[in-house]
Amino acid sequence: MSVPIIEVAGLTRRFGGVPAVTEVSFTCARQEILGIIGPNGAGKTTLFNLITGSIPATAGQIHFDGRDITGSSPDQVARLGMIRTFQAATIFRHETVRENLRRGALFGHIGRPSWLLRGSVREASRAARERAEELIDFLGLVDCAEQEGGNLPYGRQKILGLGIALAARPKQLLMDEPAAGLNPAETREMGELIERIRAEFGIGVVLVEHDVAMVCRTCSRIIVLNYGKLIANASPDEIRSNPEVIEAYLGGDVEDA
Amino acid sequence: MTAPWPAVLPHCCAGRHMLLAQILSNGLMTGLVYVLMALGFTLIFGVMRIVNFAHGELYMLGGFATLILFGNLGWNYYLTVVVAAFGVGLFGVLLQSLLLKHFIGRELSGMIMALAIAITLQAGANIIFGPEEQSVPRPVTGVLDLGAAVVPYDRLVVGGFTLVILAAFWFFLQFTRWGLAMRAVTQDSEMAAVQGVRPGFIHPLAFGIGSLLAGGAGALMAPIYTIYSYMGELPMLKAFVVVILGGLGSIPGAVLGGLLLGLVESFFATMYSTTVATMIGFALVIVILIFRPRGLLGRTA
Amino acid sequence: MHRTAIATAAALGTLLLAAPTYAETLRLGVVSALSGPGSAWGLAVDGGVRIAAKEINAAGGLKVGGKTYTIEVTSYDDKYKAADGVTAATRLIEQDGIKYIFGPLGSASMLAVKPLYEQNEILALVNSYSDKVLDKNTKNIYRVLPTTREFIEPMVKWVKQHKPGLTNVAVISPNDETGWASQALQKEYYAKHGFKIIASELFERSLKDFQPLLTRMIAAKPDIIELDTTPPPTAGLIIRQARELGYKGAFVKIGGPGVPEIVNAAGKDFAEGTIVYVGADASDTKYKWLESEYQKLYPPPMNSFNVFFYDAANMLFESMRKAGTVGDVKAVRAALEKITPFKGMQGTLSWTGKAYYGSDHQLLVPVFVGMIENGEEKVVTKIDQ
Amino acid sequence: MRLAAAVLILVGLAAWPFIYDQPFYVHMGVMMGLWVALALSMNLMLRIGQLSFAHGAFMGLGAYASALATMRLGIPFPIAFLSGGLAAASVAALVGPIFLRIRGVYFALLTFAFGEVVVLTFVEWVEVFGGNNGLFGIPKPSLFGLQMTSRPAFYLFALTFAVLSFIAVRAIYNSQFGAVITSIDDNEMLTRSIGIDAPRYRLAAFCFSAALAGWSGAFYAHYLTFISPEAFGFWTPVNMVVINVLGGIASPWGPVVGALLLVPLPEILRDAKEYQVLSYGILLMIFLLFLPDGLVGLARRWRGRWRAARSAEGRSAAGLEQGKREKRAAA
């Protein structure tokens, strides 16, 4: 396979001596859907925040698309093409759906005030409007395009959040608990959406998730964390039969995935 | 700017320790008044998250209360201070329940409302009492000569009153139910609310006590300086610096910050000039706000 | 003075006499500190002019050139600040069309409005201690109040004669134009008469806590603390805080009279024995009359600024009578310059100033040496100049 | 049609001082122009959710820079005027990166302290700034040798300055730059997560706002021909905030309406001197309690433009906190 899009080597993070993530290493290939699971407090979210640059790493390295992004800020990482979504539906509540998506598409181009002086802004804003239209159809938000984000039902707000990330034309998506706060039907819909994104846009996804069933259904490969250490990195089937994973979940109900 | 300090005192090198003692006593006395002002200010911010720009005007009301009660009506001075303090305290409760109640938690709008109150009070005083500086006859005169330093009796009275008020305030915080409730609200208002602390009661109480402290400071300082409508501006400034030094919302911070600023200012003002001392006060604020926003003893903002 | 619409932005523009001088009313303007720190003096300026005008109106109005004028005084507050001074002067000159203005009081305001007065040829009777007010090409501005330069020498000489033992002098003045100018004079004349200047301090006008500054000053062991042009209430505070810090020496205040405020702020016992420059003898019967008139106008105690501006107003009226006109400012100005020696309320007044300022636009008045005794201002002697 | 109406109003505004030549009201017009620009510069700061008390100092820096450039360095007026804004902006660029990391009330206190230190420097450094006395005899503005002394000419200068400031600020709000800074104030975490370098945008807004205050200072200096430190103290930014709150923070029209209402107030109440300040305080209280969106917000609601009003309300004084609460909830 080609050079992996994300390479994490020996990533460690301690909060005042308490190790949250220790020596985690893995790679993620292009267009792959990789899941990260583990019991509560296993360090999933910390790992996620380390990769997206929200919190600095104590040790270890992160490479994205062949570049070392260790210690970069969230907006630098975003401008390189790795866009994240949030656990809670995070959108511009007072703006219309269309404006939310337009901003998603545009802000990648005008990351810094100096970029506004480049000639390409006019052309970029036209492309942004087109991108917004495209995503309104893709995400099925045609009927509520003019509504304010804050007034949408929670499920659709999360989809809009994902839409904003997609609008920014990411090379790689990182999703923080996409299924959080969704009912089973919405969770299934979110899983299918992620697969459609990979199929139609060729964008790989790394997602952190509690709903193991949804992860096994959607992801081609799964990483399992426990007490901040990586204990498994394999396909969903191998993970289901891995004794260490079962023991970590202490009889967690892995069978009925 | 006068020359660096050794050259400033050509005549009495022997007097150097004398001078330091005098600087210390000046600094302590001023510092105690700063503590009184800062305590009220930080309590109000701690409980209501509002920067009380009208704090200086509450100090002024204390001053004018002394002018009327002690100056014109000839009441006993100590009675005047107590009545003035509680009067301004009640006025503070009124201000909170009528105007500031709607701004709890809304920091910026709350600050602008406090500014509006400050402008109105100052202009009102200007209309009623006129623009000139007025004085009241000195209740306490004479000087306590400690050999190395000289402390005017009236400053001692102010210091004494401040210590009494601080002790009462500390007792209130540590040993009364309301005091405990107020400390809880300062630490975490949501958690306190969950525990059944009714903000509807604690907030007016906190603002009332804050006003009482400011009114008391004004009443105490009125005879020492002059009384005029914009007399609250400078003490307000000092309360700012002290509270940021000690940590916004931190009560022990206000005490430490007040004494520290009093001494630092007294030293630099005597050795160099008052403007240098003021500049140092502000420079401290800038440095602290940047590198340690929660101040020396403040909790994380 | 109305500018026609087509007037280009050329420099001065001609003096259009189309100013609407109503036949029967003479309008006088006052720009002074009616509120804020300098209001004790500012109100006295306004009071002096108003009392003089009231006196004339009561006696049937000002008879000039066959007509009788009732006098109307319009005064605006400059809050002792330059910005408000210009706004006030602009309003008097351009909106009210007034040609004769008294004040401003403070140096900052005065220097700010000076170009306005000169450009619009306003006959202005001002005070302000700064020595930048009058220069060789000053045409329209006259200072009717003695500055430190005019009374410092007789005062210092008197102190030398009557207080032989005192040599070390420390000077304290406000940190602005007024203070800089007067402090320089204090140092010059005290040194000239055998005193030794051992310390000099400048303070911000808003300062109240003088303990640090006085601790430093007293450590230098002065015999005299010269309070110079410090405003009276602040001077009182300084005296009290110095006494509290153990200062036993003498206080002298050559400049900015205002004994009631000093005694009020310092307390009777601390202020005892302070030597002050006094503008006018308060025990004089005419002064008492002026004081009673003044109390009807403003609450704060009267001070000698009132006398100077009462005399100045009368000098202006007398010049108008001599010139036989009210509208022609040039003629009134010419008469004013020849009006002295003029019999003022408490002595003869005369023009001076050519030697120091370049033009004889500075009024010289008799100097009174005063002493604070038992909280009262007692005039010790009168020195005619 | 709207453009025609705008041009007509502009011509009317420009012409009246020449027809109805009442000097004092022309003086009012000039001061209104000045305060429109100052209020707009504060509006920009409120738009990024960071009320600044240093803008009096920035105005002072602009004033002294321009005055000293013309008086002591003999620089022609147009360049000196521009240097006023640049001086303020460069100081803002110097302190911005550190100050802007601090938010809300702490930022207000920090800028307050910074403002006081700058004013104290004006007072203490007498050789350069003239101390408490300030600077006198600042030359009147002159364009290509033609000195602007007549008051109506000054009024034209003030009018153009105010209109240009309004157009500039409005252009910012309507442009992509405006969308970014509104997004940052609305939800900074989300805006950063899609690629916006928020600190740099905030710095750019801070510098432009300081520049606008600096130009206003330069204009003020050359109009009054003298400046003194206390004109640039704490009360100047307070007045800017009052104008914004009364006019309405949500739109650039707020500062314009606020300035037109508040600037003449002290002069109208001239004869009742002390009541001017009292009316300021009471008006501010009333608006904060009952009309948080100011006059413009009120006008919008009357005209029934619900959507605009609702989205504007998101950033109004009342909404100033909603943004905060949301951010706290989302963080």
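The values are calculated or read from the model by the stated rules, or taken from the named source; none is laboratory data. Predicted model only: the values in this text are computed from it and were never measured. Cβ coordinates were reconstructed from backbone atoms using ideal geometry, including for glycine residues, and neighbour counts include every protein chain displayed. We work out accessible area using only protein heavy atoms, side chains counted, and drop any ligands, DNA or RNA first. Shrake-Rupley method; radii C 1.70, N 1.55, O 1.52, S 1.80 Å.
Tabulated data for the structure shown
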quantity: Scope region D:9-24; condition buried (at least 16 other Cβ atoms within 10 Å of the Cβ) and at pLDDT 75 or above; matching residues; calculated: D:Leu13
quantity: Matching residues in region D:7-62 - criterion: being closer than 16 Å to D:Ile167 by Cα and touching an Asp or Glu at 6+ places or on another chain (Cβ under 6 Å); calculated: none
quantity: Cβ-Cβ under 9 Å pairs, at least 6 apart or on other chains, region B:136-149 side within 9 Å of another protein chain (Cβ to nearest Cβ), far side of a type in the set (A, V, I, L, M) and surrounded by 14 or more Cβ atoms within 10 Å (Cβ to Cβ); calculated: B:Arg138/B:Ile224; B:Val143/B:Val150; B:Val143/B:Val151; B:Val143/C:Leu245; B:Asp145/B:Val151
quantity: Odd one out for C:Asp311, checked against (1) in a loop (DSSP other than H, G, I, E, B); (2) open to solvent by less than 30 Å² (accessible area, probe 1.4 Å); calculated: (1)
quantity: Selected residue (only one of B:Leu220, B:Leu289, B:Leu245 is within 24 Å of B:Asp154 (Cα to Cα) and either assigned to a helix (DSSP H, G or I) or not polar (S, T, N, Q) (or both)); calculated: B:Leu220
quantity: Evaluation of A:Ala132 against (1) within 11 Å of chain D (Cβ to nearest Cβ); (2) touching a residue at least 24 places away in the same chain (Cβ under 8 Å); (3) touching a Leu at 6+ places or on another chain (Cβ under 8 Å); (4) not in a loop (DSSP other than H, G, I, E, B) (one fails), failing number; calculated: (1)
quantity: Only one of D:Leu164, D:Leu110, D:Leu143, D:Leu94 that is touching a residue at least 12 places away in the same chain (Cβ under 8 Å) and not polar (S, T, N, Q); calculated: D:Leu143
quantity: Single match in C:Glu118, C:Glu177, C:Glu188 (criterion: within 13 Å of chain D (Cβ to nearest Cβ) and within 29 Å of B:Thr275 (Cβ to Cβ)); calculated: C:Glu177
quantity: In region A:169-182, residue most open to solvent (accessible area, probe 1.4 Å) [restricted to those that are modelled with pLDDT of 90 or more and farther than 19 Å from A:Thr45 by Cα]; calculated: A:Lys171
quantity: Enumerated helices (runs of 4 or more DSSP H) restricted to region D:214-296, each holding at least 2 residues that are open to solvent by less than 10 Å² (accessible area, probe 1.4 Å); calculated: D:235-247, D:253-262, D:273-290
quantity: Every residue from region A:67-86 that is surrounded by 18 or more Cβ atoms within 10 Å (Cβ to Cβ) and basic (Lys, Arg); calculated: A:Arg79, A:Arg84
quantity: Odd one out for B:Thr80, checked against (1) open to solvent by 20 Å² or more (accessible area, probe 1.4 Å); (2) hydroxyl-bearing (Ser, Thr, Tyr); (3) more than 7 Å from every other protein chain (Cβ to nearest Cβ); calculated: (1)
quantity: Tally, over region D:78-126, of residues that are facing another protein chain (nearest Cβ under 10 Å), assigned to a helix (DSSP H, G or I) and farther than 27 Å from C:Trp180 by Cβ; calculated: 14
quantity: Count - residues of region C:26-48 that are modelled with pLDDT of 85 or more and among the hydroxyl-bearing types (Ser, Thr, Tyr); calculated: 1
quantity: Filtered residues of region B:223-237 (kept if assigned to a loop (DSSP other than H, G, I, E, B) and of a type outside the set (Phe, Trp, Tyr)); calculated: B:Pro223, B:Ile224, B:Thr226, B:Ser229, B:Met231, B:Gly232
quantity: Of the criteria (1) within 20 Å of B:Gly31 (Cα to Cα); (2) in a helix (DSSP H, G or I); (3) over 22 Å from the mean Cα position of the chain (by Cα), which one B:Lys101 fails; calculated: (1)
quantity: The lone exception for A:Val245 - which of (1) open to solvent by less than 30 Å² (accessible area, probe 1.4 Å); (2) within 20 Å of A:Ile136 (Cα to Cα); (3) at pLDDT below 90 it fails; calculated: (2)
quantity: Residue in region D:187-200 that is touching a Phe, Trp or Tyr at 6+ places or on another chain (Cβ under 8 Å), closer than 23 Å to A:Ala167 by Cα, assigned by TED's automatic domain parsing to the domain that holds D:Arg47 and surrounded by fewer than 24 Cβ atoms within 10 Å (Cβ to Cβ) present; calculated: yes
quantity: Region B:83-111, residues that are within 14 Å of another protein chain (Cβ to nearest Cβ) and open to solvent by less than 10 Å² (accessible area, probe 1.4 Å); calculated: B:Gln96, B:Leu100, B:Phe103, B:Leu108, B:Ser109, B:Gly110, B:Met111
quantity: Residue match in region D:267-282 (condition: more than 10 Å from chain B (Cβ to nearest Cβ), in contact (Cβ under 8 Å) with a residue 12 or more places away in the chain and more than 24 Å from D:Val169 (Cβ to Cβ)); calculated: yes
quantity: Candidate set: region C:62-88, residues that are of a type in the set (S, T, N, Q) and within 14 Å of chain D (Cβ to nearest Cβ); chosen: the one nearest to D:Gly134 (Cα to Cα); calculated: C:Thr87
quantity: Meets criteria (away from chain C (no Cβ under 14 Å), in a helix (DSSP H, G or I) and at pLDDT 95 or above) for D:Leu40; calculated: yes
quantity: Among the residues listed as A:Ala20, A:Ala42, A:Ala89, the single one being assigned to a loop (DSSP other than H, G, I, E, B) and either away from every other protein chain (no Cβ under 14 Å) or open to solvent by 40 Å² or more (accessible area, probe 1.4 Å) (or both); calculated: A:Ala42
quantity: Output for region A:1-17, where each listed residue is part of a loop (DSSP other than H, G, I, E, B) and crowded, with 21+ Cβ neighbours inside 10 Å; calculated: A:Ile5
quantity: Out of B:Val151, B:Val185, B:Val140, B:Val136, sole residue that is part of a helix (DSSP H, G or I) and not small (Gly, Ala, Ser); calculated: B:Val185
quantity: Enumeration of residues in region D:126-152 that are over 26 Å from C:Glu94 (Cα atoms), of a type in the set (A, V, I, L, M, F, W, C) and over 24 Å from the mean Cα position of the chain (by Cα); calculated: D:Val126, D:Val128, D:Phe144
quantity: Residue in region C:67-79 that is free of Cβ contacts under 8 Å to residues at least 40 places away in the same chain and either surrounded by fewer than 23 Cβ atoms within 10 Å (Cβ to Cβ) or outside any loop (DSSP other than H, G, I, E, B) (or both) present; calculated: no
quantity: Candidates C:Gly246, C:Gly273 - the one that is within 9 Å of another protein chain (Cβ to nearest Cβ), part of a loop (DSSP other than H, G, I, E, B) and open to solvent by 10 Å² or more (accessible area, probe 1.4 Å); calculated: C:Gly246
quantity: Count of region D:47-81 residues which are among the charged types (D, E, K, R), open to solvent by less than 30 Å² (accessible area, probe 1.4 Å) and either touching a Gly at 6+ places or on another chain (Cβ under 7 Å) or over 16 Å from D:Pro237 (Cβ atoms) (or both); calculated: 0
